[in-house]
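Structure record follows, encoded as structure tokens.
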Ligand SMILES: Nc1ncnc2c1ncn2[C@@H]1O[C@H](COP(=O)(O)OP(=O)(O)O)[C@@H](O)[C@H]1O
Ligand SMILES: [Mg+2]
């Protein structure tokens, strides 16, 4: 099995992110999810087997499930004749999408207090300006899901922001619209996940403007963009084990790495366990067998 950390298609490159390489396809874009792994915003040189296929296939599953809730950027995977067929390894990792103008704000929804939300709450009793009940424990469910946007840093770490700062970035109308959309998507998705024995603790969406409309773009509800906890291991007061990169992060915390590039080499065992976690997340959430 080929691990894909680089792509080189005979198309004009549009952008290269931490994980995805995007190409121009006429007016549209071809987004290819590689097997690259990033943790603490640093990209590792080793890839995670099947990761790009998991991210793409899980996003496709969710886009379909959420069809009635929001418009998205997805188009049928029609390819130009010089690419009439992508190598099969890339075909599973590729999505054709409309070219949108991404909002300068990451749209995060939290149903539970974890991660940077837990850090903010401990400091101030608030997350992104939402005043929360006193005495919440780590990983506790919130009275209702909250919209906690962040900046979309081009380099370095994203920063949590409040409504006022968000409205400055995207305007009041768009802010209201994405807040409502993001919470509604979260509610639908967490209901589905729950029926599969999984808690959707929090997740990050990206929205973009396309033909004067706000649509859902990027990847959606993957282990890279979401914190998923198996119900069976969920407990308040701790950081429950999750399907996201927590597994790699926990390992890295034991190595003494200062979280600055270059990233250290990962042992083979950590790479294969991470791969299994991604595949397990896909299979449990979609209810489908992942084809290896
Ligand atoms: N439909 C779209 N139109 C334009 N840009 C998009 C679209 N969908 C996603 N993007 C952008 O493509 C990039 C995806 O690549 P990724 O590797 O996830 O980047 P990043 O390192 O910024 O997370 C993101 O910057 C995202 O904003
Ligand atoms: Mg991304």
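The values are calculated or read from the model by the stated rules, or taken from the named source; none is laboratory data. It should be emphasised that the depicted structure is a prediction, and the values quoted were computed from it without experimental measurement. Cβ coordinates were reconstructed from backbone atoms using ideal geometry, including for glycine residues, and neighbour counts include every protein chain displayed.
Residues of segment 1-35 being touching a helix residue (DSSP H, G or I) at 6+ places or on another chain (Cβ under 7 Å), more than 18 Å from residue 275 (Cβ to Cβ) and within 11 Å of ligand 1 (Cβ to nearest atom), which ones?
32
Which condition breaks for residue 132 when tested against (1) without any contact (Cβ under 8 Å) to a residue 60 or more places away in the chain; (2) within 16 Å of ligand 1 (Cβ to nearest atom)?
(2)
I'd like the residue in segment 192-220 that is part of a loop (DSSP other than H, G, I, E, B) and out of contact with any strand residue (DSSP E or B) (no Cβ under 6 Å at 6 or more places or on another chain) and, out of all such residues, is nearest to ligand 2 (Cβ to nearest atom).
Applying the first criterion (part of a loop (DSSP other than H, G, I, E, B)) to segment 192-220 yields 196-197, 211-212, 218-220.
Still in the list and also out of contact with any strand residue (DSSP E or B) (no Cβ under 6 Å at 6 or more places or on another chain): 196-197, 211-212, 219-220.
On the way: 196: 24, 197: 27, 211: 23, 212: 25, 219: 7, 220: 11 Å.
Top of the filtered list is 219.
How many residues does segment 71-90 hold that are modelled with pLDDT of 80 or more, in contact with a strand residue (DSSP E or B) (Cβ under 9 Å, 6 or more places away or on another chain) and assigned to a loop (DSSP other than H, G, I, E, B)?
Count: 7.
Just the residues that are at pLDDT 95 or above and in a loop (DSSP other than H, G, I, E, B), please, taken from segment 225-243.
225, 234, 235, 236, 237
Can you name the residue in segment 95-128 that is touching a helix residue (DSSP H, G or I) at 6+ places or on another chain (Cβ under 6 Å) and assigned to a loop (DSSP other than H, G, I, E, B) and, of all such residues, is farthest from ligand 2 (Cβ to nearest atom)?
113
Count, please, the residues in segment 22-43 that happen to be buried (at least 20 other Cβ atoms within 10 Å of the Cβ) and assigned to a loop (DSSP other than H, G, I, E, B).
Number of matching residues: 4.
If you scan segment 144-168, which residues turn out to be over 20 Å from residue 111 (Cβ atoms), in a helix (DSSP H, G or I) and in contact with a helix residue (DSSP H, G or I) (Cβ under 8 Å, 6 or more places away or on another chain)? Lay out the reasoning, then the answer.
Of segment 144-168, the ones over 20 Å from residue 111 (Cβ atoms) are 151-157, 159, 164-165, 167-168.
Then keep just the ones that are in a helix (DSSP H, G or I); that gives 164-165, 167-168.
The answer is 167, and nothing else.
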